[in-house]
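*Asks:* Provided herewith is a single structure, encoded as structure tokens, for subsequent inquiry.
The values are calculated or read from the model by the stated rules, or taken from the named source; none is laboratory data. On a predicted model such as this, the values are computed, not experimentally measured, just so you know. All Cβ positions, even for glycine, are placed from backbone atoms using ideal geometry, and neighbour counts span all protein chains on display.
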Amino acid sequence: MDRFIKKLRSGNMVISGWSGQQDPMYLSMLAKTGFDAVTLDMQHGMQTENSVIRGIAAIEPTTKPTIIRIPVGRFDFVSRALDAGAHGIIAPMINTAEDARQLVSYGKYIPVGDRSYGPTQAAGVFNASPTDYVTTANDNMVLFAMIETKEAVSNMEAILDVDGVDGIFCGPGDLSISVRGNVVPDAYGPDTIDIVKKIAAEAHARGKLAATWCGNTDQVQLAQELGFNYAALGHDGLYVSQGVDAMLSKLSFR
């Protein structure tokens, strides 16, 4: 149960795959690559409640942690995803401390939150007793609050100070859209790079985790240099196209 939090606290960056595809066989194959974890995206990816539950079951035999990005405001699915065996939750558009408290309410058991008791599936996934699961879940299951708007940046310290928020997840594309007032994102660009640096610094100053999304390996390298504990790299389309293109490039007649 603690494999994800141990990876995050190890001092080595956790690099996660990022998938919006529903097929469990594909997710199982993705988890068998060099990624340290797999993140299932319900916000902009095509993951549904049903596919997330099936996806967790498909990934678990590979021993890779599964993290779920829920849709905006779907705090009700936080506990359900955790009950299915997820190791962590990424909650988008957390703009205020009250948003963060709602996340914690559904994601942590008492005395930190109000997560309802129902660990039968999760306990089975982790080969643990229900008692062992519920008594350790608050420490082992990670809640990331996404910082991706000007409002969230202004409330970042208050969000981080909410008990039960384990870390913050930088949404660099939406952050640039909000700060620049331009619908075309410029992730890690000059208008927001200092904010990105502050996200990692403020999290670490409180002993909490810093995570981010990266569109390419150069951005992962930058995130590692800035001290981020976790980086999600790319998405399914890039994995397929770049893998195919790399294979075809080896043909002398192409």
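*Asks:* Every residue in region 213-254 that is touching a strand residue (DSSP E or B) at 6+ places or on another chain (Cβ under 7 Å), of a type in the set (A, V, I, L, M) and part of a helix (DSSP H, G or I), please.
*Replies:* Val220, Ala223
*Asks:* Next question, about the same structure. Tell me, which helices (runs of 4 or more DSSP H) lie completely within region 1-88 with 3 or more residues that are under 27 Å from Asp132 (Cα atoms)?
*Replies:* 3-8, 49-59, 76-83
*Asks:* Among the listed residues Tyr133, Tyr106, which satisfies the condition of being more than 28 Å from Leu175 (Cα to Cα) and touching a Phe, Trp or Tyr at 6+ places or on another chain (Cβ under 8 Å)?
*Replies:* The match here is Tyr133.
*Asks:* Let me ask you something else. Out of Ile89, Ile110, report the one residue that is buried (at least 23 other Cβ atoms within 10 Å of the Cβ) and β-branched (Val, Ile, Thr).
*Replies:* The unique qualifying residue is Ile89.
*Asks:* Same structure again: Which condition breaks for Val183 when tested against (1) among the hydrophobic types (A, V, I, L, M, F, W, C); (2) assigned to a loop (DSSP other than H, G, I, E, B); (3) in contact (Cβ under 8 Å) with a residue 12 or more places away in the chain?
*Replies:* Result: Val183 passes all but (3).
*Asks:* Which one of Gly181, Gly171 is at pLDDT 95 or above and closer than 23 Å to Met42 by Cβ?
*Replies:* After ruling out the rest, the residue left standing is Gly171.
*Asks:* Another one. Among the numbered conditions (1) more than 23 Å from Thr63 (Cα to Cα); (2) within 14 Å of the chain's Cα centre (by Cα); (3) of a type in the set (Gly, Ala, Ser), tell me where Ala97 comes up short.
*Replies:* Result: Ala97 passes all but (2).
*Asks:* Condition first: surrounded by fewer than 24 Cβ atoms within 10 Å (Cβ to Cβ), within 17 Å of the chain's Cα centre (by Cα) and assigned to a helix (DSSP H, G or I). Now tell me which residues in region 152-172 satisfy that.
*Replies:* Leu160
*Asks:* Here is a follow-up. From the list Ile168, Ile177, which one is more than 24 Å from Gly11 (Cβ to Cβ) and either touching a residue at least 24 places away in the same chain (Cβ under 8 Å) or not basic (Lys, Arg) (or both)?
*Replies:* Just a single option satisfies the conditions, and that option is Ile177.
*Asks:* Quick one: in region 122-131, of everything that is in a helix (DSSP H, G or I) and free of Cβ contacts under 8 Å to residues at least 40 places away in the same chain, which residue is surrounded by the most Cβ atoms within 10 Å (Cβ to Cβ)?
*Replies:* Checking each candidate, the answer is Ala123.
*Asks:* Report, by residue number, each residue of region 61-78 that is hydroxyl-bearing (Ser, Thr, Tyr), surrounded by fewer than 24 Cβ atoms within 10 Å (Cβ to Cβ) and without any contact (Cβ under 8 Å) to a residue 60 or more places away in the chain.
*Replies:* Within region 61-78, Thr62 is the sole residue that qualifies.
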